[in-house]
Amino acid sequence: MAPVFLLYLVAARLVELVIARRDTARLMAAGAREVGAGHYPVMVALHASWLAALVLFGWDNEVRTGWLVAFAALQVLRVWILGTLGPRWTTRVIVTDTPLVRRGPFSVLNHPNYTLVVAEIVVAPMVLGLGWVAALWTVLNFWMLTHRIAVEDAAIRPGAGPT
């Protein structure tokens, strides 16, 4: 069962990258601008290494049903976030002249996608019993998100932080 879970996880991330690339191209063609591009390769490396660790160390592991249910619940949140943002969803910090989205999960949280990512970085490894992967990449992701959120907040709310 672990290989099926891992294949889903990798396939879902690849599909997200395709959607993100498409949405980024459309937004940029419509006059949007990217900010904070310098940290993007580090973020990609962080997420790729997390996936690699899951595959390398979890391929033959037993799937923990309770954690799998929690992961499935997070996928519902993912669909809600992507559906709410529609063509504005991307993995980059893209700024437009349109108002911020304030409906759906964005009416409750400032950064619901980052909240989701934090939860997934913990929950997915726990599905495979890889607590050390959850702990290590949570620390690395905290470091990344501290910078990324400051960049994004500064871009969308002038005076909020560094760009």
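Taking residue 106, is it more than 22 Å from residue 12 (Cβ to Cβ) and among the aromatic types (Phe, Trp, Tyr)? I'd like the intermediate steps shown before the answer.
Details: more than 22 Å from residue 12 (Cβ to Cβ): no; among the aromatic types (Phe, Trp, Tyr): yes.
No: the conditions fail for residue 106.
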Residues of the stretch 83-140 being buried (at least 18 other Cβ atoms within 10 Å of the Cβ), under 17 Å from the mean Cα position of the chain (by Cα), in contact (Cβ under 8 Å) with a residue 40 or more places away in the chain and assigned to a helix (DSSP H, G or I), which ones?
116, 120, 121, 123, 124, 125, 133, 137
Take the conditions within 16 Å of the chain's Cα centre (by Cα) and surrounded by 14 or more Cβ atoms within 10 Å (Cβ to Cβ) and apply them to residue 67. Does it pass?
no
Which residue pairs have Cβ atoms closer than 7 Å, lie 6 or more positions apart in sequence or on different chains, and pair a first residue in the stretch 1-23 that is in contact (Cβ under 8 Å) with a residue 12 or more places away in the chain and under 12 Å from residue 127 (Cα atoms) with a second residue that is assigned to a helix (DSSP H, G or I) and small (Gly, Ala, Ser)?
2/58; 6/58; 9/124
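Just so you know, all these numbers are worked out from the coordinates, no wet-lab data involved. In this text the structure is predicted, and so the values were computed from the model without any measurement. Cβ coordinates were reconstructed from backbone atoms using ideal geometry, including for glycine residues, and neighbour counts include every protein chain displayed.
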